[in-house]
Amino acid sequence: MNTVYEVNGLTKIYDNQKKANDNISLAIRQGEVVGVLGPNGAGKSTLIKQMVGHVKPTEGEIRLFGADVIKRSDLIPQYVGYYDQRPAALDALTGYEAIYCTGRLRGMSRAAAKGAADRLIELLNLGEVRKREIRKMSGGQQRMVGFATVLIGELPVLILDEPTNELDPERRRQLWDTLAEKNRQEGTTILLVTHNVLEAEQVVDKVAVIDHGQLLAYDSVGKLKQQVDSRLRLELTVRPEEGERLEALLSGYGTLQRPAANKIRLFMEEGRAGDALQAVVSEAGDGCEEYRVVPPSLEDVYFKLGGKEGSI
Ligand SMILES: Nc1ncnc2c1ncn2[C@@H]1O[C@H](COP(=O)(O)OP(=O)(O)OP(=O)(O)O)[C@@H](O)[C@H]1O
């Protein structure tokens with residue numbers, strides 16, 4: 001598999017002496033979907049801004065298809081579609097114009113750009129804002145138009161910084177589905193920063209976890225999960241006054257947590273799940289209002305590796 005991006009020993013110290021990236025090295029191969037996770041201020045945006053040539057590294061190198069992007073920043077727009085929040089520079093254009101013009105800037109013919117803009121408007125349900133100026137759109141609509149401008153031109157690499165911010169659940173799903181489809185059909189390489197860990201899990205192959213500017217982990221979702229915890233989790237919603245009795249009932253099956261008065265979590269080896277469930281079904285009675293068994297999630301990985309609760 002070809003290497004798309006290679007980041008070696010990347011460090012960024014801003015003028016205020018803030019070290020936002022600290023010796024980060026990673027490689028992204030063709031066709032991979034990589035999620036960058038980490039709490040607020042971890043250094044995620046700083047990393048990708050350097051990868052698209054918007055911020056100059058203090059140390060280290062970044063190669064895009066083998067070329068040094070610091071020396072050859074002209075190559076970036078040819079290969080990389082970068083989505084940074086909303087298309088502020090295009091504020092005075094309508095939805096259609098913004099998408100079409102971006103296609104033209106990427107070298108498409110008039111007919112090709114028109115056809116592609118029409119298809120994207122249809123695909124992303126943007127008919128309502130086709131003729132509306134971007135500055136008069138809602139935040140979510142602006143973001144979806146921004147997303148369409150990234151997609152036009154079928155660039156081989158997409159880099160997206162928190163693309164689902166401000167989007168409603170239906171739009172979020174549409175965005176994730178569109179990215180997954182693009183990756184599957186065109187082999188597009190995708191790097192995205194997101195706080196939607198649970199949603200990202202449906203799409204990403206690999207995860208980079210960053211905190212305090214350092215890369216804490218970089219691996220496939222499956223490998224990270226194994227590394228963090230391969231146990232299943234039984235989650236119960238209980239009547240608080242029954243909590244102690246139920247904890248006693250389950251204590252022999254694994255490790256218990258009581259995250260809230262009405263919640264009990266039991267981490268257990270796969271082989272114990274049947275017996276633990278049996279105990280709940282036959283002995284918990286009214287004390288347990290709801291229960292479910294869940295495998296380790298990307299969210300578990302994130303928290304275990306240093307992500308902070310409340311920051312996603
Ligand atoms: N231009 C700048 N000058 C000085 N410090 C900066 C600059 N940009 C970012 N920082 C600082 O660098 C650190 C990393 O910021 P960055 O935006 O990369 O984090 P992030 O992980 O993307 O955060 P968030 O999830 O909140 O968007 C933060 O402490 C931030 O305050």
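The values are calculated or read from the model by the stated rules, or taken from the named source; none is laboratory data. Source: prediction; values computed, not measured. Glycine also receives a Cβ, built like all others from the backbone with ideal geometry; neighbour counts cover every protein chain displayed. Heavy atoms of the whole protein, side chains included, go into the accessibility calculation; ligands, DNA and RNA do not. Shrake-Rupley method; radii C 1.70, N 1.55, O 1.52, S 1.80 Å.
Given the Cα-Cα distance of residue 182 and residue 78 and 0.36 nm per residue of separation, how much length would full extension add, in nm? Walk me through the intermediate numbers first.
Details: separation 104, 0.36 × 104 = 37.44 nm, distance 1.78 nm.
Computed gain between residue 182 and residue 78 is 35.7 nm.
When all alpha carbon pairs of region 109-182 are counted in 10 Å bins from zero, the resulting P(r) reads 18, 55, 26, 1 %. Normalised by residue number, the volume inside the convex hull of the Cα atoms of region 56-178 is 118 Å³ per residue.
If you bin all the Cα-Cα distances of region 230-295 at 10 Å, starting from zero, the percentages per bin are 24, 63, 13, 0.
Counting only Cα atoms, I'd like the Rg/Rh figure for region 183-312, Kirkwood definition for Rh.
Over the Cα atoms of region 183-312, Rg/Rh equals 1.06.
A simple spin-label model places pseudo-atoms 7 Å from Cα toward Cβ; at residue 58 and residue 202 they are separated by 4.0 nm. Could you tell me the accessible area of residue 109 in Å² (1.4 Å probe, neighbours in place), rounded to the nearest ten? Solvent-accessible area, nearest 10 Å²: 60 Å². Loop-located trypsin sites (Lys or Arg not before Pro) in region 38-138 (DSSP state not H, G, I, E or B) with no more than 11 neighbouring Cβ atoms inside 10 Å: 71, 131.
Solvent-free Debye calculation, one equal scatterer per alpha-carbon of region 3-225: log10 I(q)/I(0) at 0.10, 0.14, 0.18 Å⁻¹ equals -0.44, -0.87, -1.36. The mean accessible area for residues of the chain, using a 1.4 Å probe and ignoring ligands and nucleic acids, is 48 Å² per residue.
With a/c under 1.5 counting as rounded, go ahead and sort region 216-268 into rounded, prolate or oblate using the C-alpha gyration tensor (a ≥ b ≥ c being the square roots of the eigenvalues; past the cut-off, prolate if a/b is larger than b/c, else oblate). Cα axes put region 216-268 in the prolate bin. Once the gyration tensor of the Cα atoms in region 1-68 is diagonalised, the equivalent ellipsoid follows with semi-axes of 21, 14, 9 Å, ordered largest first. A run of the chain free of exposed loop cleavage sites, with GluC sites (Glu not before Pro) counted only in DSSP states other than H, G, I, E and B and at most 12 other beta carbons within 10 Å, reaches its longest extent at 1-268. For region 172-213, treating each Cα as an identical point scatterer without solvent, what Debye log10 I(q)/I(0) comes out at q = 0.18, 0.21, 0.28, 0.35 1/Å? The Cα Debye sum returns log10 ratios of -0.53, -0.70, -1.10, -1.43.
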